[in-house]
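So the structure is just underneath, and the comments pick up after that.
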Amino acid sequence: MKIPLKYVVRNFKTRKLTTIITVAGIALVVLVFTAVLMMAYGIQKTLVSTGSPENVKIVRKSAQGEISSIIDAETQSIIRALPHIAKSTEGGELISFEPVIVITLDIISGGMSNVTLRGVSPSVYQLRPQIKIIEGRNITFGSRELIVGESIANKFKGSQVGEKVKVAGDFWTIVGKFTTDGSGFDSEMWTDALQLMNAFKRGNSVSSITLKLDDVNNFQDFKKTFEAERRLEQFEAKTEQKFFEEQSELLAGFIRILGIFITIIFSVGAIIGAMITM
C-alpha cells in the first residue's frame with residue numbers, strides 16, 4: 001500500500017491544478033444529483049401539506065390539474081346536493097367553487113414567471129383555517145381585490161400590500177398578505193371567484209370544487225354516492241390531501257428524471273476529464 005499512497009501524494013504535488021479540477025468535477029456531479037433530490041422532496045412535502053384529509057377536491061377526470069379542469073354550473077348544483085357536506089356557522093354548505101388561472105409577473109431578481117390566481121368563495125376560510133392574514137386585510141367579496149401568499153410577496157415585483165396587479169386588462173388592488181406556514185397556497189394569489197369569472201368571461205364555470213365533509217370517516221360513503229350519480233361520471237372526487245399528493249408525484253417524478261439525465265451527462269464528462277488529467 002505504500003507505493004500507491006506515495007504515488008498519489010507525489011502526483012498531487014506535481015499536478016495540483018489538474019487534480020483539483022478532477023476532484024471538483026466529481027464533486028459537482030454529486031452536488032447536482034443531491035440538489036435535484038432535495039428539490040423533488042421539497043416539492044412533495046410542500047404540496048402534501050397543502051391538502052386537508054377533511055376536505056374533498058373535485059375536478060374533471062381528463063384534467064392534469066386544476067387549471068385544465070372545467071366544471072359547469074349544472075354540475076356544481078348536483079354536487080352541492082350530495083350528502084355528508086359540512087355546514088358553515090351561517091348554515092350553508094362548506095363548499096368553495098374555485099376558478100384557477102395563471103398570470104405573469106416580473107421577478108425581483110429579473111425575468112418573469114407564472115403565478116397561480118385562485119378565485120375563492122366566502123366559506124374558504126372555514127375550509128382552510130390554516131390561512132392567516134399577516135399584513136393588511138382580507139378581500140371584500142364583490143370587489144376586485146387580491147390577497148397574496150408570502151412567497152409571492154417575497155419573490156415578485158409589484159406584489160406588496162397597496163400595489164396593483166393587472167388582471168384581464170384591469171388593475172386589481174392587493175389588500176392583504178397571508179401565510180399557510182409553508183404549504184403550496186403560499187405561492188398563490190386569491191380573489192373573489194365571481195369577480196374572476198366575470199373578468200375572464202367564464203360564465204359560471206369553475207376549475208375545481210373544494211368541500212368539507214361533516215365527518216372525515218364519511219369519505220367513502222360520499223365517494224360512493226358521487227360515483228353512483230351518472231351525471232358526474234366525467235368528474236372525480238378525492239381527498240384534498242390525496243389530490244395534492246398525486247400532483248406532487250407527477251412534478252417530482254419529472255424533476256427526478258430530468259436530474260438523473262443531467263447527472264449522467266455530468267458523470268460521463270467527469271470520468272473523461274479524470275482519465276485525461278490523470
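The values are calculated or read from the model by the stated rules, or taken from the named source; none is laboratory data. Just so we're clear, the structure is a prediction, and the values are computed from it rather than from any experiment. Positions of Cβ are generated from backbone atoms using ideal geometry, with glycine treated the same way; all protein chains shown enter the neighbour counts. Side chains are part of the model used for accessible areas, which takes the heavy atoms of the whole protein and leaves out ligands, DNA and RNA. Shrake-Rupley method; radii C 1.70, N 1.55, O 1.52, S 1.80 Å.
Some points to look at:
- Scanning region 71-121 for residues that are open to solvent by 50 Å² or more (accessible area, probe 1.4 Å), among the polar types (S, T, N, Q) and within 20 Å of E150 (Cα to Cα) turns up T104, S109, N114.
- Output for region 49-70, where each listed residue is surrounded by 12 or more Cβ atoms within 10 Å (Cβ to Cβ), over 18 Å from T116 (Cα atoms) and polar (S, T, N, Q): S52, N55
- Matching entry among V23, V32 (being at pLDDT 70 or above, open to solvent by less than 50 Å² (accessible area, probe 1.4 Å) and not polar (S, T, N, Q)): V32
- Residues of region 171-187 that are out of contact with any helix residue (DSSP H, G or I) (no Cβ under 7 Å at 6 or more places or on another chain) and either among the aliphatic types (A, V, I, L, M) or open to solvent by 10 Å² or more (accessible area, probe 1.4 Å) (or both): F171, T173, I174, V175, D181.
- Conditions (1) of a type in the set (S, T, N, Q); (2) out of contact with any Asp or Glu (no Cβ under 9 Å at 6 or more places or on another chain); (3) at pLDDT 95 or above; number of the one not met by N217: (3)
- Extreme residue, farthest from V100 (Cα to Cα), among residues of region 145-193 that are among the β-branched types (V, I, T) and without any contact (Cβ under 8 Å) to a residue 60 or more places away in the chain: V161
- Matching residues in region 201-222 - criterion: being touching a residue at least 60 places away in the same chain (Cβ under 8 Å), open to solvent by 50 Å² or more (accessible area, probe 1.4 Å) and of a type in the set (D, E, K, R): R202, D214, D215, D221
- Boolean, L127 is in contact with a Pro (Cβ under 6 Å, 6 or more places away or on another chain), closer than 24 Å to E93 by Cα and open to solvent by less than 10 Å² (accessible area, probe 1.4 Å): no
- Looking at T210, T179, T173, just one residue is modelled with pLDDT of 95 or more and among the hydroxyl-bearing types (S, T, Y), and that residue is T173.
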